[in-house]
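K.L.:
First the structure, which I've put down as structure tokens, then a few questions once you've had a look.
The values are calculated or read from the model by the stated rules, or taken from the named source; none is laboratory data. All of these numbers come straight from a predicted model, not from anything done at the bench. Positions of Cβ are backbone-derived with ideal geometry, glycine not excepted, and every protein chain shown enters the neighbour counts. For the accessible areas, the whole protein counts, side chains as well, though only heavy atoms, and no ligand, DNA or RNA atoms are used. Shrake-Rupley method; radii C 1.70, N 1.55, O 1.52, S 1.80 Å.
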Amino acid sequence: MSDKGKTTGSDKPKGKGRADTGLKVKVKTARGRTASSVRWLQRQLNDPYVVKARKEGWRSRAAFKLIEIDEKYHLLKPGNRVVDLGAAPGGWCQVAAKKTGSTPGNPLIVGIDYLEMDGVPGVALLQKDFLDEDAPAALMAALGGHAPDVVLSDMAAPTTGHHKTDHLRTTHLCEVAAAFAVDVLRPGGAFVAKVFRGGTENELLAMLKQNFAQVFHFKPPSSRQESVEMYVVARGFKGRQEAAEDGRP
Ligand SMILES: C[S@@+](CC[C@H](N)C(=O)[O-])C[C@H]1O[C@@H](n2cnc3c(N)ncnc32)[C@H](O)[C@@H]1O
């Protein structure tokens, strides 16, 4: 068998000027493993947030993004009701349940994803496409009809590799999430959503500014630098009446 392309733990960067990648774990190529899957595995194994998430019992490294957003903007309070859009595998649900004190006896969090995911204590889960017409009603029913304090969306469309298409699809998810938030939030509530670099599209940004007292863009330190994602954070929902008086149609 040829060793061509094979990397091992003992491999050292060769040649002057070659950057030290800082990698601790190198992944061997193997039959059936593509170059991109080797890169992905290598990145996972060497990502301090992946290691930390595993150690601390978070379902995903994404949990740290919500922790960092909340440390900066103080959105999740004990007793809050929260909707988590695009919840799988459940890191944000875990963080939200912990911060709000949600319990299986009195669940305050509802998560939705079209992917199957393991249950999270204190979280009602819907396996469903959020873009389905009946999804908003199903989410509200799961919250017992109570208006949420916070709507979170970490939804991302599966990437096609075509930047413009990926951008448009994720922007669409963000727009639908924002419209849902404005329809259901209690006054004073908050909305967080993943957007692509460049921030929120003008029309959506104007809509958020009209409906919320404050709107920010934030890239949490745990979000990979090379990733185009960032988050829009809108705080202080004005309420449907007040926003309407502000000129909303
Ligand atoms: C980045 S992951 C979310 C990670 C999650 N915040 C966590 O902490 O584990 C994005 C999720 O959005 C979900 N998603 C994308 N579009 C969706 C849609 N239309 N309806 C429901 N879920 C969707 C994907 O299935 C995926 O699980």
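K.L.:
Go through (1) assigned to a helix (DSSP H, G or I); (2) touching a Gly at 6+ places or on another chain (Cβ under 9 Å) and name the single condition Thr171 misses.
P.N.:
(2)
K.L.:
Against the conditions (1) of a type outside the set (Phe, Trp, Tyr); (2) in a helix (DSSP H, G or I); (3) within 13 Å of the ligand (Cβ to nearest atom), where does Met140 fall short? Just the number, please.
P.N.:
(3)
K.L.:
Please find, within segment 92-116, the residue that is surrounded by the most Cβ atoms within 10 Å (Cβ to Cβ) out of those that are in contact (Cβ under 8 Å) with a residue 24 or more places away in the chain and either away from the ligand (no atom under 14 Å from the Cβ) or assigned to a strand (DSSP E or B) (or both).
P.N.:
Ile109
K.L.:
Okay, next question. Please go through segment 172-196 and pick out each residue that is more than 16 Å from the ligand (Cβ to nearest atom), more than 15 Å from Leu139 (Cβ to Cβ) and open to solvent by 60 Å² or more (accessible area, probe 1.4 Å).
P.N.:
Pro187 - this is the single residue of segment 172-196 that is more than 16 Å from the ligand (Cβ to nearest atom), more than 15 Å from Leu139 (Cβ to Cβ) and open to solvent by 60 Å² or more (accessible area, probe 1.4 Å).
K.L.:
Looking at segment 49-70, can you tell me whether even one residue there is open to solvent by 10 Å² or more (accessible area, probe 1.4 Å), within 14 Å of the ligand (Cβ to nearest atom), hydrophobic (A, V, I, L, M, F, W, C) and modelled with pLDDT under 95?
P.N.:
Yes; the residues of segment 49-70 include at least one that is open to solvent by 10 Å² or more (accessible area, probe 1.4 Å), within 14 Å of the ligand (Cβ to nearest atom), hydrophobic (A, V, I, L, M, F, W, C) and modelled with pLDDT under 95.
K.L.:
Let me ask something additional. For segment 117-133, name all the residues that are under 14 Å from Asp183 (Cβ atoms) and either more than 11 Å from the ligand (Cβ to nearest atom) or surrounded by fewer than 18 Cβ atoms within 10 Å (Cβ to Cβ) (or both).
P.N.:
The one that is under 14 Å from Asp183 (Cβ atoms) and either more than 11 Å from the ligand (Cβ to nearest atom) or surrounded by fewer than 18 Cβ atoms within 10 Å (Cβ to Cβ) (or both): Glu133.
K.L.:
Scan segment 149-161 residue by residue and report those that are surrounded by 15 or more Cβ atoms within 10 Å (Cβ to Cβ), in a loop (DSSP other than H, G, I, E, B) and either within 16 Å of the ligand (Cβ to nearest atom) or without any contact (Cβ under 8 Å) to a residue 12 or more places away in the chain (or both). Even if it seems obvious, please write down each step before you answer.
P.N.:
Taking segment 149-161 as the starting set, the residues that turn out to be surrounded by 15 or more Cβ atoms within 10 Å (Cβ to Cβ) are 149-157.
Now drop any that are not in a loop (DSSP other than H, G, I, E, B), which leaves 149, 154-157.
Across segment 149-161, the qualifying residues are Asp154, Met155, Ala156, Ala157.
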